[in-house]
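**Student:** Shown below is the structure under consideration.
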Amino acid sequence: MVAPLVKAAVALAGLLAVGRFAFPGALRLARSWPERVAVTGHSMAPRLLPGDWLLVDASGGTPRPVAGELVVVPDPRRSDRLLVKRVSAVERGQLLLRGDAPDASTDSRTFGAVDPGTVLGRPWFRYWPPRRIGRVG
Amino acid sequence: MLDRLMAQLAPRRAVHAHCDIPCGVYDPQQARIEAESCYKIIQKYNDSSDELFRQRCTHVKEERAELTKHHIDVMWHDYFKPEHVEKFPDLHDVCWKASKQASQVKRTADIAEAQKLLDLIDRIDHMWRETGGAEATRMQQLEPVGASGAPKSDSISDSKAAAADAKPA
């Protein structure tokens, strides 16, 4: 019962990607499908909202993230928790992270710069809710 | 069926678009109220000759001073950001002195020390106002408590209060 559902879900998501981005997008989607995350909190509003489901290209810190990119990193103060933030600047090889909504964000201003080696991946596609399906970045 | 599909589609992990206090509510008045308690308790302590009462004063004042320190620290650690330090280069110094002054009030019954603490909190308050203040970090009260006119809130306690107010004099 469960396995066919997974297949159906993957096929559905694949179709969406084919429809929107043609074949390379579908490949990328298939690769990052296991790395799905749900957004909580408001620090990335309005680009990312609580309840958004994202696909994360789990390429780690390579190539090096550049300013402006979204990254998923473990919280430097609590490694069991993942954060999603935007790289605001790269200084001496370290990433300065900021929320898109600075007034509602705890980020590098509080916990300092993070090592690019700790980056787990980059969110690139929102597959839920339906009204907001599309690329993120 | 749909639930199951959704359960399969749902991510396994959360990513936090994180904020220590998601609501972003900060106000130095929280520290000031506790510090005012310390001030008043010290007055009462010095006016009393009842040893038991004085002991209770000491105990409660120490609690309040600790809370004052906590609320100062929340402003310092959580509210103030690097751009605020650029605007007020003595920000760290003021917060540090205020925290230390709260400790000082905890251990003395000297009213002058309590006044110093209030003055330092007022300097934090000034920096908070100049960097956004209540407009940025507090909810706006549409109908301030005690304002004239019919309360519009629909909460039970408020409608009871409204009913009491509506009684003919």
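The values are calculated or read from the model by the stated rules, or taken from the named source; none is laboratory data. This one's a predicted model, so the numbers in the text were calculated from it and none came from an experiment. With ideal geometry, Cβ positions are generated from the backbone for all residues, glycine too; neighbour counts draw on all protein chains shown.
**Student:** For A:G61, are the conditions met, namely being modelled with pLDDT under 90, crowded, with 18+ Cβ neighbours inside 10 Å and either in a strand (DSSP E or B) or more than 8 Å from chain B (Cβ to nearest Cβ) (or both)? Reasoning before the result, please.
**Tutor:** Details: modelled with pLDDT under 90: yes; crowded, with 18+ Cβ neighbours inside 10 Å: yes; either in a strand (DSSP E or B) or more than 8 Å from chain B (Cβ to nearest Cβ) (or both): yes.
Against the criterion (modelled with pLDDT under 90, crowded, with 18+ Cβ neighbours inside 10 Å and either in a strand (DSSP E or B) or more than 8 Å from chain B (Cβ to nearest Cβ) (or both)), A:G61 qualifies.
**Student:** Go over the candidates A:G51, A:G68 one by one and state the one that is assigned to a loop (DSSP other than H, G, I, E, B), in contact with a strand residue (DSSP E or B) (Cβ under 9 Å, 6 or more places away or on another chain), more than 9 Å from chain B (Cβ to nearest Cβ) and farther than 22 Å from B:A14 by Cβ.
**Tutor:** Selected residue: A:G68, the only one of A:G51, A:G68 that is assigned to a loop (DSSP other than H, G, I, E, B), in contact with a strand residue (DSSP E or B) (Cβ under 9 Å, 6 or more places away or on another chain), more than 9 Å from chain B (Cβ to nearest Cβ) and farther than 22 Å from B:A14 by Cβ.
**Student:** Sort out which residues of the range A:115-132 are more than 8 Å from the chain's Cα centre (by Cα) and within 12 Å of chain B (Cβ to nearest Cβ), and write them in order of number.
**Tutor:** Those that are more than 8 Å from the chain's Cα centre (by Cα) and within 12 Å of chain B (Cβ to nearest Cβ): A:L120, A:R126, A:Y127, A:W128, A:P129, A:P130.
**Student:** Within the range A:27-45, is even one residue modelled with pLDDT under 75 and of a type in the set (V, I, T)?
**Tutor:** no
**Student:** Report whether or not A:P123 is touching a residue at least 12 places away in the same chain (Cβ under 8 Å), crowded, with 20+ Cβ neighbours inside 10 Å, not in a loop (DSSP other than H, G, I, E, B) and not aliphatic (A, V, I, L, M).
**Tutor:** Criteria met by A:P123.
**Student:** Moving to a separate point now. Yes or no: B:E113 in a helix (DSSP H, G or I), acidic (D, E) and within 14 Å of chain A (Cβ to nearest Cβ)?
**Tutor:** Judged against the criteria, B:E113 is not a match.
**Student:** Looking at B:D158, B:D154, B:D165, B:D125 in this structure, which one is of a type outside the set (S, T, Y), at pLDDT below 50 and surrounded by 13 or more Cβ atoms within 10 Å (Cβ to Cβ)?
**Tutor:** From the options B:D158, B:D154, B:D165, B:D125, the qualifying one is B:D158.
**Student:** Which one of these is loosely packed, with under 15 Cβ neighbours inside 10 Å, free of Cβ contacts under 8 Å to residues at least 40 places away in the same chain, hydroxyl-bearing (S, T, Y) and within 29 Å of B:F80 (Cα to Cα): A:S108, A:S88, A:S79?
**Tutor:** Just a single option satisfies the conditions, and that option is A:S79.
**Student:** While we're here: Taking the range A:26-41 as the search range and keeping residues that are in a helix (DSSP H, G or I) and more than 17 Å from A:P129 (Cα to Cα), which one is farthest from the other protein chains (Cβ to nearest Cβ)?
**Tutor:** Selected residue: A:L27.
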